[in-house]
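Have a look at the structure below, then the notes.
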Amino acid sequence: MTATVPVTECAVENCSFNDHTHCGAAGITIGGNADHAQCATFIDTGVHGGLPKVLASVGACQRTECIHNDHLMCGADSVRVGPGADNADCLTYEHTN
């Protein structure tokens, strides 16, 4: 793996980094618990933040049981974040069998 994976969509409207479905964080971390992956960068402060014109990428993935995880980096083509069990889940997450 030589490049980070882009976050192509964020449907979490109450995240401070969300700008019209685009993530303005420089990078996100995917965390969570077993069988559940969430965006650990999610923050709901009521204040818009992040970088303009920057689309986030996945900087780290803590979900070692995900089929896309390659040495704690995401190997998917792209990542979508949206509501799930938590406010901001990695919707690209797939548990290995």
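What the table below lists for this structure:
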quantity	calculated
Distance between modelled label sites at HIS48 and ALA3, nm, 7 Å Cα→Cβ extension	2.8
Whole-Hz couplings from phi, Karplus 6.51/-1.76/1.60, listed for the range 91-97; x for Gly and Pro	7, 8, 3, 9, 6, 6, 7
The range 5-90, accessible area per residue, ligands and nucleic acids excluded (1.4 Å, Å²)	53
Carbon and sulfur %, accessible surface of the chain computed with the full protein complex present, 1.4 Å	52
Three-way shape label, the range 1-58, alpha-carbon gyration tensor, a/c 1.5	oblate
For the range 44-52, Karplus couplings with θ = phi - 60° (6.51, -1.76, 1.60), whole Hz, Gly/Pro x	10, 10, x, 10, 6, x, x, 9, x
Amide H contacts of VAL58 (H built 1.01 Å from N, under 5 Å, at least 5 apart or other chain)	VAL5, VAL7, ILE28
DSSP-defined beta bridges in the chain - what % are antiparallel, rounded to 5	70
Cα-centre dipole for the chain with unit charges at Cβ (Lys and Arg positive, Asp and Glu negative), debye to 20	260
Rounded accessible area of THR64 (nearest 10 Å², 1.4 Å probe)	100
Segment GLN62-ALA26, extension gain: residue separation times 0.36 nm, minus the distance between their alpha carbons	11.2 nm
Sequence-distant residues sharing a close amide H with MET73 (under 5 Å, placed H)	CYS61
The chain: relative contact order as a whole-number percent, Cα under 8 Å and 6+ apart	33
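The values are calculated or read from the model by the stated rules, or taken from the named source; none is laboratory data. All values reported here derive from a predicted model rather than from experimental measurement. Virtual Cβ from ideal backbone geometry, glycine too; neighbours counted across all protein chains shown. Ligands, DNA and RNA are excluded from the accessible area calculation, which covers all protein heavy atoms including side chains. Shrake-Rupley method; radii C 1.70, N 1.55, O 1.52, S 1.80 Å.
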